[in-house]
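Worksheet: the structure to be examined is printed underneath.
The values are calculated or read from the model by the stated rules, or taken from the named source; none is laboratory data. Here the structure is a predicted model, which is why all the values come from computation and not from measurement. Positions of Cβ are generated from backbone atoms using ideal geometry, with glycine treated the same way; all protein chains shown enter the neighbour counts.
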């Protein structure tokens, strides 16, 4: 598994992030969120809906620069991102979507496409795909550019449970094989446990870090019992945060 | 298609009938017009004049579309540019074509530059306004995707922005081609020694309706052919990704 001993890739130190509502009053979305991510680490960002997870991802990805604090990433880096919606170019075929994003053609791309079951869909336009398939293309696109940092924003939201589980398995095998540093946002505890080797838990809004838990057991060797233990532990931490 | 042909046939019959009613001096019958078209074609004058007009249409249309689209894109993307340039656009939109043409001929001279520039300036604000609407409606999600994946300027324009502007550009093209060719005729009438507009001016001085129609109708046909064989196929190509209605 990717031990946290590697070099630090990402350092997040967000002191304050506010957002102005339509009514004009400003609301604190994030306060004192700090953690760092070593190279090769797979970290899940867990928290209730509306706690600012997506906002935090946008700060990290550099899409939003209006906040107090700093996000440090290497100067030369590639970010691969899977948004909540697939965000494919509807007027370009699946293959073109992958190529335009910067995926070099070759064995690696073929392997990613095969793992996600997209080989038969390369010539299709996104409008011809189901949501599940479009999500897969978005995941393939993010992996295919061999990113230094992979960011996934609830990539399985609004998929049915069976499909979500299958995609999660495919995602796990891609992460295992390609060893990308990964930050995945979810509100699903089981998803976090099954995917990540580290879990950062955010409190309800305004979001701050209430837990930072490493999972030492290798992902694929995780027994249901061990997973249940971690789940109980996280639940206790979250309950404590609510109470306080 | 059969309905279109039948409709065209009805128009021809009405024309023939009207010519009988009004007399062939006021409205010459279709065959008489066709005969003059044939004579002008044989002498080579028709091709020269149609060619001159067509060249002016293409030059001014291209100029107006390129500059207007660029202007509209900038105005739709930047609030600052929009506020700065909007009053100019409104002035230009409301300036009569004739004023621009006469001013261009006085200031620049009776030459091709003035003619083409004046026509382009007449069409430019329409294109800018249409494309501005498109630029305002650009998808922010795709914009962010392009930023994350570090798409270059050219790739962003080609793969992200232009496909979204395509319907707006198509609308500007449609209304643009017909507007431009109408204004080109005025420009030719006022200050050019050849072209369909010039010939119509001659026909007007001679009160020769046959000659007038013999130049106007072939050019309408030419524009119709451009629309059918160039504009529509391009439109079909850029919208090929849209799922076809069942």
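(1) over 29 Å from residue B:24 (Cβ atoms); (2) in a helix (DSSP H, G or I): which one isn't true of residue B:220, the others all being true?
In the conditions (1) over 29 Å from residue B:24 (Cβ atoms); (2) in a helix (DSSP H, G or I), residue B:220 misses (1) alone.
Regarding residue B:108, is this residue in contact (Cβ under 8 Å) with a residue 40 or more places away in the chain and either within 28 Å of residue B:228 (Cα to Cα) or surrounded by 14 or more Cβ atoms within 10 Å (Cβ to Cβ) (or both)?
For residue B:108, the condition - in contact (Cβ under 8 Å) with a residue 40 or more places away in the chain and either within 28 Å of residue B:228 (Cα to Cα) or surrounded by 14 or more Cβ atoms within 10 Å (Cβ to Cβ) (or both) - is not met.
All but one of (1) buried (at least 19 other Cβ atoms within 10 Å of the Cβ); (2) on the phi < 0 side of the Ramachandran plot; (3) touching a helix residue (DSSP H, G or I) at 6+ places or on another chain (Cβ under 9 Å) hold for residue A:181; state the number of the condition that does not hold.
Here residue A:181 meets the rest and fails (3).
For residue A:152, which of the numbered conditions (1) buried (at least 22 other Cβ atoms within 10 Å of the Cβ); (2) touching a helix residue (DSSP H, G or I) at 6+ places or on another chain (Cβ under 6 Å); (3) under 20 Å from residue B:149 (Cβ atoms) fails to hold?
(2)
Residue check: is residue A:122 surrounded by 14 or more Cβ atoms within 10 Å (Cβ to Cβ) and under 20 Å from residue B:243 (Cα atoms)?
Yes.
Which of the following residues is more than 28 Å from residue A:131 (Cβ to Cβ) and assigned to a helix (DSSP H, G or I): A:193, A:230?
Being more than 28 Å from residue A:131 (Cβ to Cβ) and assigned to a helix (DSSP H, G or I) holds for just one of A:193, A:230, which is A:230.
Given the residues B:176, B:195, B:191, which is the only one that is on the phi > 0 side of the Ramachandran plot, crowded, with 18+ Cβ neighbours inside 10 Å and away from chain A (no Cβ under 14 Å)?
B:195
When you check residue B:94 against the structure, is it more than 14 Å from chain A (Cβ to nearest Cβ), crowded, with 18+ Cβ neighbours inside 10 Å and at pLDDT below 95, yes or no?
no
Being in contact with a helix residue (DSSP H, G or I) (Cβ under 6 Å, 6 or more places away or on another chain) and within 14 Å of chain B (Cβ to nearest Cβ) is true for just one of A:138, A:134, A:146, A:119. Which residue is that? Quick ask: steps written out before the conclusion?
Working: A:138 fails: in contact with a helix residue (DSSP H, G or I) (Cβ under 6 Å, 6 or more places away or on another chain); A:146 fails: in contact with a helix residue (DSSP H, G or I) (Cβ under 6 Å, 6 or more places away or on another chain); A:119 fails: within 14 Å of chain B (Cβ to nearest Cβ).
Unique residue meeting the criteria: A:134.
What are the residues in region B:201-236 that are surrounded by fewer than 10 Cβ atoms within 10 Å (Cβ to Cβ) and within 14 Å of chain A (Cβ to nearest Cβ), if any?
Across region B:201-236, the qualifying residue is only B:236.
Of the residues A:156, A:143, which is assigned to a loop (DSSP other than H, G, I, E, B), over 23 Å from residue B:240 (Cβ atoms) and within 16 Å of the chain's Cα centre (by Cα)?
It is A:156.
Out of (1) facing another protein chain (nearest Cβ under 9 Å); (2) under 19 Å from the mean Cα position of the chain (by Cα); (3) farther than 25 Å from residue A:187 by Cα, the odd one out for residue A:81 is which?
The one condition residue A:81 does not meet is (3).
Being surrounded by 18 or more Cβ atoms within 10 Å (Cβ to Cβ), free of Cβ contacts under 8 Å to residues at least 12 places away in the same chain and over 22 Å from residue A:43 (Cα atoms): is that true of residue A:162 here?
no
Which of the residues spanning region B:134-146 are within 20 Å of residue A:146 (Cα to Cα) and at the interface with chain A (Cβ under 7 Å from one of its Cβ atoms)?
Listed by number, the residues that qualify are B:144, B:145.
Taking region A:84-109 only, how many residues are surrounded by fewer than 21 Cβ atoms within 10 Å (Cβ to Cβ), touching a residue at least 12 places away in the same chain (Cβ under 8 Å) and either at the interface with chain B (Cβ under 7 Å from one of its Cβ atoms) or not in a loop (DSSP other than H, G, I, E, B) (or both)?
6
Would you pick out the residues in region A:42-73 that are touching a residue at least 60 places away in the same chain (Cβ under 8 Å), surrounded by fewer than 20 Cβ atoms within 10 Å (Cβ to Cβ), more than 14 Å from chain B (Cβ to nearest Cβ) and assigned to a loop (DSSP other than H, G, I, E, B)?
Passing the criteria: A:48, A:49, A:50.
From the list B:54, B:27, exactly one residue is crowded, with 16+ Cβ neighbours inside 10 Å and assigned to a loop (DSSP other than H, G, I, E, B). Which is it?
B:27
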